[in-house]
Amino acid sequence: MLHTINKSPFSSDSFETAVRFIQPGDPVLFIENGVYAVEEGNRFAEQLAGVIMNNPVYALQPDLDARGISSVAEGVAKVDYDGFVDLVAEHQVNSWL
Amino acid sequence: MLHTINKSPFSSDSFETAVRFIQPGDPVLFIENGVYAVEEGNRFAEQLAGVIMNNPVYALQPDLDARGISSVAEGVAKVDYDGFVDLVAEHQVNSWL
Amino acid sequence: MGNEHVKKIMHVMRHAPHGTIYTYEGLEMILIMAAYEQDLSVVFIGDGIYALRKNQDTAGIGIKGFAKTFMALDGYDVEKLFVDRVSLEERGLSEEDLVVDVEVLDSAEIGALMNQQDVVIHH
Amino acid sequence: MGNEHVKKIMHVMRHAPHGTIYTYEGLEMILIMAAYEQDLSVVFIGDGIYALRKNQDTAGIGIKGFAKTFMALDGYDVEKLFVDRVSLEERGLSEEDLVVDVEVLDSAEIGALMNQQDVVIHH
Amino acid sequence: MKIGILLKEGPYNHQAADTAYKFAEAAIRKGHTVDAVFLYNDGVTNVTKMMDPPQDDRNIAARWDQLHKEHGVEILACIAASKRRGICDEVLIEGGEITGLGTLTDIAIRNDRLLTFGD
Amino acid sequence: MKIGILLKEGPYNHQAADTAYKFAEAAIRKGHTVDAVFLYNDGVTNVTKMMDPPQDDRNIAARWDQLHKEHGVEILACIAASKRRGICDEVLIEGGEITGLGTLTDIAIRNDRLLTFGD
C-alpha cells in the first residue's frame, strides 16, 4: 500500500502519526507541504532515516522545487506527477491528510 | 495582552509554539479544539502546569462542554462568551491560529 | 459474481469534533455507504478519538452534536470500530469514556488491517 | 493629532507557502496596509519562515510564486522583518537561505515586541 | 469598547464562524459596539445567500445578515479573496458588502480591538 | 487503471485542488481512465462558475470544466456538503453535477483506485 503524506512535520502530527502505522516495505510518497520532512538536516532527519531504512521513500519533485528544497536526505527518490501515477498503478493508496 | 489558542495540542504545533512567546503574567484563553490542552491527565499536563505557574489561564466553558471535558487542570478558570468579552475589554488580543 | 464485488473500505477518523466538520461529514458518508453492503470499518486515530467521548453537550456552541450517531452504526451493520491504543492513552482516556463499544488495537494491528483494504478514506 | 492615530500592527506568518494560501493572502494584506502609514511589522514563526526561502520555483505545481514579493516590502516602508531563531534552527536553515534581510530574534524578544502591539494578525 | 472582527474560515467546515458570531452576540449584549466583521481567505464564503443547510441546523449566512440588520454590524468580504472563491454580488446576502483590504485597515485603525477568528 | 478522485478542500486556499488536477492530467496522459472527481467538505466550492481569479492565475473551476469536456471526467459535488456552502445549480459550472454520497460509493466500487486529496 502506497502512503502519501502532505503536511509539514513541524506544524501537524500527520507524519509522526502515519509512521506508526506504515508497514515495513510499503512505499511512502511525500507531497505538498509534506516534502519538508525529507529535507536534509532538519529536526526530523533521524525519524526520517528510520523510515528510509524500512521503506522505499519518494518525494514529489515539483513540490520540492516549489519550496526551494535542493538537498534531500540520502535514499529519497524524486518523482514527478507521472511517477506518482505509476506508484498508484502499482499499489492501493492511503492518503494521510 | 490576551492570547487565545484554538487548536488541539496533539494535532497542531500552535500550543507549543505560542507558549514560547507568551510573556509571564499575560492571560491565556483556550477556545474551540484548543480546550483539549487543559484537560486533566493528558500528555500535555506538565507543559500546561508550566503555563499555569506564570500566567492566568482560562478555558471557554461552552467549548469544554461540547467536547465532554469535565476535569480540567487545577488553576484553569472557566469563562463563558461574556467572560471572553470581558477579557478582550481588558487586554489587546493575540489570536494564535 | 457476489463477493468479488464487495470492497473493503476503511474510514479513518483523525479530527476532533466541532472544531472542524471533517468527522461529522465523515460519519454522514459512512451512513450512506453502509447501505451498499460493502465491507466497512471505521478507525479512530489521534484526535479522532475525541469524537467518541461521552457527555458532549454542544448546546452552548450552537452546533449539532453527533456522538450518539456513532451508536447507530451498529444498526447499519457497521460493527468494526477500532481505536488506536496510543492515541487513547496519551489523551488520558479509556474505553469507559467512549459512547460505543470499540476494539482497542495496537498500531501494528491497525497498520496490518489498513493493508488489507481496497479503499482507505481519511476524514 | 498625528502620531496618536498611528497604530502598531504586527503580521505573524505561520504557514508554509503553497500548501495553503494563508501566507500569500497575508502578504497581499500587508501590501495594502503599507499604504496607510501605520507602524507595521512582520514576524516569521514556525513554517512561516519557509515562505522566505530562496530558489522557490513553482512552475511545476502551477501556482504563482511570491517569495520575491517580500523583497518589495522594503519599498513600501515595511522594514521590520523579524525571524524566530528557534524556528530557523530546527529547520536547518540560516539567514543566507532567505530572500530578504531579516532580523533574527529570540522568542523572548519577539514576545516582548508582540506585547507592544495594538493589533496582531496571524496568517 | 469598539470591536472589529476578522474571520478567516468558511462556514460549517470550521468552528471559527460560530465562535466569532457567539463572541459578537455577547459583546453586543454587554453594551459594546461590534463595528464590522471582515471576511478574508475562505471566510468570504460566509456570505452566500445560496447556503441552504438542514432545517434543524443554523443558517450561518442568514445569521450574519441578521446581525447587520439588527445591530448595524458591517459584514464585509474582501474583494480579491471573494473573486478567487466565487463570491460576487449575485450570491451576496442583502446585508453583506464586497470591499477592499483598505477597509480592513480602516477597521483596524478606528476600533479599540481587532480580533481574529480562523483555524 | 480506472481511477476515482475524492477532493476535500476548496480551490486556492489549499493545494489539494491543484495536486488532484495535476495527478488527473498525468494519469490521463499516461493512458489511464479518470472516472470521476467527487467533491466533499469544502471541496464542493471548486465548481462555482462565479470564480474570477486574477488574469495571470489559473481558473480552477474552468479547469475542472475543461477536464470534463475534453476527457469525460465526471465532476461531482456532494449535495449535502454543497447546500451547507451555497453551491447550487445557479452557480454550477456546465460540466459539473450535484449528486449524493451514493454516487461516491459507486465510484469507490467501480474503480481500481480511489485517491483522496485534502488537507
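The values are calculated or read from the model by the stated rules, or taken from the named source; none is laboratory data. Values in this document were obtained by computation on a predicted structure and should not be read as measured data. Heads up, the Cβs are rebuilt from the backbone with ideal geometry, glycines too, and the neighbour counts pull from every protein chain shown.
Yes/no matrix, rows are residues, columns are (1) within 14 Å of chain C (Cβ to nearest Cβ); (2) surrounded by fewer than 19 Cβ atoms within 10 Å (Cβ to Cβ); (3) charged (D, E, K, R):
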| site | (1), (2), (3) |
| --- | --- |
| B:PHE15 | yes, no, no |
| B:GLU46 | yes, yes, yes |
| B:MET53 | no, yes, no |
| B:TYR58 | no, no, no |
| B:PRO62 | yes, no, no |
| B:GLY83 | yes, yes, no |
For segment A:31-40, indicate whether the set of residues that are at the interface with chain D (Cβ under 10 Å from one of its Cβ atoms), of a type outside the set (D, E, K, R) and touching a helix residue (DSSP H, G or I) at 6+ places or on another chain (Cβ under 6 Å) is non-empty.
yes
Only one of these is at positive phi, more than 10 Å from chain B (Cβ to nearest Cβ) and not basic (Lys, Arg): C:GLU96, C:GLU37. Name it.
C:GLU37
Inter-residue pairs, beta-carbon under 7 Å, first on the phi > 0 side of the Ramachandran plot and in segment B:17-43, second not in a helix (DSSP H, G or I), 6+ apart:
B:GLY25/B:ASN55; B:GLU32/B:ASN6; B:GLU32/C:GLY19; B:GLU32/E:GLN15; B:GLY41/C:GLY92
Could you tell me whether any residue of segment E:8-16 is of a type outside the set (D, E, K, R) and in a strand (DSSP E or B)?
yes
Test of understanding: among A:ILE69, A:ILE52, which residue is in a loop (DSSP other than H, G, I, E, B) and among the β-branched types (Val, Ile, Thr)?
A:ILE69
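Residue by residue, here is whether (1) under 18 Å from C:ILE121 (Cβ atoms); (2) among the hydrophobic types (A, V, I, L, M, F, W, C); (3) within 7 Å of another protein chain (Cβ to nearest Cβ); (4) touching an Asp or Glu at 6+ places or on another chain (Cβ under 7 Å) holds:
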position	(1), (2), (3), (4)
C:LYS8	yes, no, no, yes
C:GLY26	yes, no, no, no
C:VAL42	yes, yes, no, no
C:TYR50	no, no, yes, no
C:ARG53	no, no, yes, yes
C:ILE61	no, yes, yes, yes
C:ALA67	no, yes, no, no
C:MET71	no, yes, no, no
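Matching residues to (1) within 21 Å of A:PHE15 (Cβ to Cβ); (2) surrounded by fewer than 16 Cβ atoms within 10 Å (Cβ to Cβ); (3) touching a Pro at 6+ places or on another chain (Cβ under 9 Å):
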| residue | (1), (2), (3) |
| --- | --- |
| C:TYR22 | yes, no, no |
| C:LEU31 | no, yes, no |
| C:ALA51 | no, no, yes |
| C:THR58 | no, no, yes |
| C:ALA67 | no, no, yes |
| C:VAL78 | no, no, no |
| C:PHE82 | no, no, no |
Hey, C:GLN56 hits all of (1) touching a Gly at 6+ places or on another chain (Cβ under 9 Å); (2) at positive phi but one; which does it fall short on?
(2)
For segment B:65-74, state whether one or more residues are surrounded by 23 or more Cβ atoms within 10 Å (Cβ to Cβ), within 12 Å of chain C (Cβ to nearest Cβ) and among the polar types (S, T, N, Q).
no
Looking only at segment E:43-58, count every residue that is among the aliphatic types (A, V, I, L, M) and in a loop (DSSP other than H, G, I, E, B) and tell me the total.
2
Out of (1) touching a strand residue (DSSP E or B) at 6+ places or on another chain (Cβ under 8 Å); (2) within 11 Å of another protein chain (Cβ to nearest Cβ); (3) touching a residue at least 12 places away in the same chain (Cβ under 8 Å), the one E:CYS88 does not meet is (3)
Qualifying positions in segment A:4-13 - more than 9 Å from chain C (Cβ to nearest Cβ) and touching a helix residue (DSSP H, G or I) at 6+ places or on another chain (Cβ under 8 Å)
A:THR4, A:ILE5, A:ASN6, A:LYS7, A:SER8, A:PRO9, A:PHE10, A:SER11
Among (1) within 14 Å of chain E (Cβ to nearest Cβ); (2) of a type in the set (Ser, Thr, Tyr); (3) over 12 Å from the mean Cα position of the chain (by Cα), F:THR103 falls short only on (1)
Criterion (within 7 Å of another protein chain (Cβ to nearest Cβ) and buried (at least 18 other Cβ atoms within 10 Å of the Cβ)) met by exactly one of E:ASP35, E:ASP57, E:ASP18
E:ASP18
Looking only at segment A:24-39, decide whether some residue is more than 12 Å from the chain's Cα centre (by Cα) and either outside any helix (DSSP H, G or I) or surrounded by 19 or more Cβ atoms within 10 Å (Cβ to Cβ) (or both).
yes
Residue pairs within 6 Å by beta carbon, gap of at least six or interchain, first lying in segment E:1-15 and within 15 Å of F:GLY10 (Cβ to Cβ), second part of a strand (DSSP E or B), listed first then second, are E:HIS14/C:THR20
Conditions (1) in contact with a His (Cβ under 7 Å, 6 or more places away or on another chain); (2) among the β-branched types (Val, Ile, Thr); (3) in a loop (DSSP other than H, G, I, E, B): number failed by C:THR23:
(3)
So F:TYR21, is it closer than 23 Å to D:THR20 by Cβ, in contact with a strand residue (DSSP E or B) (Cβ under 9 Å, 6 or more places away or on another chain) and modelled with pLDDT of 95 or more
yes
In segment F:1-15, anything within 10 Å of chain A (Cβ to nearest Cβ) and surrounded by 24 or more Cβ atoms within 10 Å (Cβ to Cβ) is listed as F:ILE3, F:LEU6, F:LYS8, F:GLU9, F:HIS14, F:GLN15
Enumerate the pairs (first residue in segment F:56-82 and within 19 Å of F:LEU104 (Cα to Cα); second residue anywhere and surrounded by 24 or more Cβ atoms within 10 Å (Cβ to Cβ) and of a type in the set (Gly, Ala, Ser)) with beta-carbon separation below 6 Å, excluding pairs fewer than 6 apart on the same chain, so at least 6 apart or on different chains.
F:GLU74/F:ALA36; F:ILE75/F:GLY96; F:LEU76/F:ALA36
Going through F:VAL44, F:VAL34, F:VAL73 one at a time, which residue ends up being over 21 Å from D:PRO17 (Cβ atoms) and either touching a Cys at 6+ places or on another chain (Cβ under 8 Å) or among the acidic types (Asp, Glu) (or both)?
F:VAL44
Looking at this structure, is F:ARG113 within 22 Å of E:TYR40 (Cβ to Cβ), more than 10 Å from chain E (Cβ to nearest Cβ) and surrounded by fewer than 24 Cβ atoms within 10 Å (Cβ to Cβ)?
no
Across (1) more than 19 Å from F:ASN13 (Cβ to Cβ); (2) within 10 Å of chain F (Cβ to nearest Cβ); (3) under 12 Å from the mean Cα position of the chain (by Cα), E:THR45 clears everything bar (1)
